[in-house]
Structures are given as C-alpha cells and as structure tokens.
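The structure appears right after this line, and notes come after that.
Quick note: the coordinates plus some simple rules give every number you see, no bench work behind them. A quick note: this is a predicted structure, and the numbers were derived from the prediction, not measured. Using ideal geometry, Cβ is built from the backbone for each residue, glycine included, and neighbour counts are taken over all protein chains shown.
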Amino acid sequence: MKVLIYTHEFPPFQGGIATSAKMIADILSTENEVLVCCPLYSYEDSSLLAKYSTKKISFFGKDKFKKIPIIQYIQGLLNIKETIDSFNPEKIIFLGEEAEIVGGLLNNKDIDQIVRIAGSGIESIVKSSSLFKIIPKLLIKRLYKNSKFLVAVSKNTQELMNKEPDFFDKTKVRLIYNGVENYFLEEPKNSSSLQELPLQKDDFVLLTVSRLLPRKGQDFVIKALAKINNKKIKYICIGEGRFKSDYIKLAEELGLKGNVFFLGGVSRDKICKYYDSANIFILCNRTWNSKIEGLPNVVLEGMSRSLPVIGSINTGTEELIQDQTNGFLVDSENVEDIALKINSAYKKRKSLDKLGDSAKLFIQNNFSYSEMKKNYLDLVRDE
C-alpha cells in the first residue's frame, strides 16, 4: 500500500510533531511504500537512513517559512497536489495544524485521510473566536469531515475532541499513544558527569528537553529556582527557540547565571547522556498563545531512562504521572507551587531512584513501541 505522510515538521527539525512523524514513517514503512512530504530546512538537512522516501518542499523563507502563513499554505497545497499526482497514494496522514490547513485546502475525498491530532489546534483554532481564525477553522473542519480516522494522542486530547462534536465525529476517533523507541529502554545507563558543564558531584540536576517557549514553562522554572535560592540545584535546558535570549537574560537578572545552562539542540542519538546525568525531569508546560501540550515525547523518554518527572496538571502529561510514585504533579501556572515541588524533590533526592524505577516500569507497561506500531499498522489496514 502507498502511504503519504504530509507534515510541516520533520527531522532535522526538533520537536514533538517531527519526532512523531519520523516514528510513524518508520513504522508504516515496514509494511507499506511510504513517502514523507516535508520542508527542506535552510540548515543542514542530512539524508536519513530510512526505508521510505522524502519529498522536501523548499518553502519561501527557508526555516522561517511559518512566519508567512498564506504563502506556506499555497506552496504546501501545490506540492501535495503534485505529490499525489506522481505518487498515487492510497492513504494520506496529516500531522500538525499547518498540515491540516493544507489538507482542508486540498479537500480530497477520493483518498483515505488520517489526521493525527495532538490538541494544540483545538485550543488555537477550533475554540478560537478570532476573526483571523475563521478560514483556518473552516478548512480543518472540512478536513476532519472528509477524513476516515482522527487520531488522538492522549486521553486529554480525546476529551477536548469530544467537547467539539461539530468538528470531531466520535466514530472516527482512535486513541493511539506514542511509544518509546526500544533503545531508550535498552541503552545501558551512562551516568558519567557532563564534562562540558561545571557540575559538582553533589549537585541536584533538573533537566528540560524542549523548545524554549512559554508553553514549555522554562521561564517559570527559572523564577521558581530564584525563590528557592539553592546554589546546589542546577537546571539544564536543552532545545532552541525564539525565547532563548530572553531566558538567558532572565536567569542572569535573577542571579542564576551559574545555575542555569542552555545547551541548544541535541541530536536524539546523544540525548541519553543528559537524561542519565539528571536527577529529575521537569516540564511545566502550560497553555500559551492558545496552544496546549498533547502528550510530550520527551517525558516518555525521560521516564524510560528512569527519571522521575515534575509535570503539569490539566495536560496530557498528567496521564503519565502517579504523584509521589513516579513523579510530582504541579500547577504549572503557579511559580510558588513549582518551587515547592522542586524543593520537595530535592529533599527526597535519596528516594528518587525508587520513583525513577517506577517511571521506567510505567513506560514499559503502557507506552511500548510495539503497541504503537501495531495500532498504526492496523489503522492503515483499516483493522
């Protein structure tokens, strides 16, 4: 079977949609002929050793193409039409709100369409009352109506979909969690210290792996650390984003220059050493710019490396955390509560290994790659 995956985020871009798109392409290519239609980024775009082909769109604006949405959607529409004509897919999978808008413009009723929905588009488009969102709203509604399946990535996302029956037909919705790739669970733990950072053996290390955005919560973690004022607590931020300079400035202004480290993007084949060198993973994701978090891959990865997690209530992350058993739930809108949970974890640092073991076991039992693979293959087969 020929399957076309259309997305505006794909490696080497780093982010949840890009990671998920690659995982789905890897999975489906085991039984199908897969073509991924995605952006050609202006930075190094090395070819992937994969069993599927990619068609790279050279968007106007290069890696800043999302700042000019109308041109982005027109170029996307032209490219997906051309790809359909040459590839003749039997299934099309759309990932991400931008891809969904292009799918709505395409308005294809002759090919089975599947949309993977993380949830942020529900808040930013479906529930928006802005006049600027009227056309995107109509387009994605048309795509959902013409699609065979709508994939929810978490129970939280599924609940949001159920509250919008004009957009989401319950009979089309399928809940499919992302799984954790086996090497995260099987790679031997590398707890050697990070030589590039001035860390002491008794430092308590917090880690966030995510784009640097208010939605991801790094700013509130930095403010919480200023309230705690404990120089033994260090915070590593991995990821890029347009708020990076703002957050560096914030840490300096709050006297945390030697306690907060911004390491930029790290490739997935090197990320384990950072998970393994941390005491706890923290992701205080919150609603920002009308966008929410679905089910963050980085939390799954951290837990699979035996890291307990401080994570947000009222998001997909909440589905992963059993409070005081494999992590700590936090009100991500409340800096005081974030500080309280960080301090609590610091005081319980001797018992964190037990929580970390529970975190890994939880992932093994509930978020296996093999289960994700089975679900997506069945979905494409219509089983």
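Values as computed for the structure displayed
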| quantity | calculated |
| --- | --- |
| Cross-link table LYS2/LYS170; LYS22/LYS66; LYS81/LYS155, entries beyond 22 Å C-alpha to C-alpha | LYS2/LYS170; LYS81/LYS155 |
| Between helix 369-381 and the chain: long-axis angle, C-alpha atoms, 0 to 90°, nearest 10 | 10 degrees |
| Cα long-axis angle, helix 335-347 against the chain (0 to 90 degrees, to the nearest 10) | 60 degrees |
| Gyration tensor (Cα) of region 165-212, equivalent ellipsoid semi-axes in angstrom | 41, 17, 8 |
| Reachable lysines from LYS232, criterion Cα separation under 18 angstrom, eight or more residues apart if same chain | LYS201, LYS223, LYS257, LYS341, LYS347, LYS348, LYS350 |
| Along principal axes, Cα extents of the chain, largest first, whole Å | 61, 42, 41 |
| Those aspartates and glutamates that a straight Cα-Cα span of less than 20 Å connects to LYS127, excepting residues fewer than 8 apart in one chain | GLU97, GLU98, GLU100, GLU159, GLU164, ASP166, ASP169, GLU293 |
| Likely footprinting exposure, ARG349, ARG211, ARG242, fewest C-beta neighbours within 10 Å first | ARG242, ARG349, ARG211 |
| Residues of type aspartates and glutamates that LYS270 reaches as a straight line, Cα spacing below 19 Å, ignoring anything fewer than 8 places off in the same chain | GLU44, ASP45, GLU181, GLU186, GLU187, GLU196, GLU240, GLU301 |
| Share of pairwise Cα separations in region 183-366, more than 26 Å, in percent | 21 percent |
| Least to most buried among THR315, THR54, THR325 (fewest other Cβ within 10 Å first) | THR325, THR54, THR315 |
| Size-normalised alpha-carbon gyration radius of region 34-157, reference 2.2 N^0.38 Å | 1.07 |
| About the Cα centre, charge dipole magnitude for the chain (Lys/Arg +1, Asp/Glu -1 at Cβ), debye | 640 debye |
| Dimensionless Rg/Rh of region 203-279 - Kirkwood Rh, Rg from C-alpha atoms | 0.94 |
| Overall form of region 131-205 per C-alpha gyration tensor (a/c, 1.5; a/b vs b/c) | prolate |
| Under 5 Å, built H, 5+ apart or other chain: amide partners of ILE57 | CYS38, LEU40 |
| FRET efficiency, 1/(1 + (r/R0)^6) with R0 35 Å, evaluated for GLU187 and ASP110 via beta carbons | 0.20 |
| Backbone HN-Hα couplings from phi across region 103-119 [Karplus 6.51/-1.76/1.60, Hz, Gly and Pro as x] | x, x, 5, 4, 6, 7, 10, 9, 10, 4, 10, 10, 10, 8, 10, 7, x |
| Within region 114-220, GluC sites (Glu not before Pro) in DSSP loop having at most 10 other beta-carbon neighbours inside 10 Å | GLU196 |
| Relative contact order %, the chain, counting alpha carbon pairs below 8 Å whose residues are six or more apart | 15 percent |
| Loop trypsin sites (Lys or Arg not before Pro), region 50-103, which have at most 16 other Cβ atoms in a 10 Å radius of their Cβ (DSSP) | LYS51 |
| Percentage relative contact order, region 241-383, counting C-alpha pairs under 8 Å, at least six apart | 20 percent |
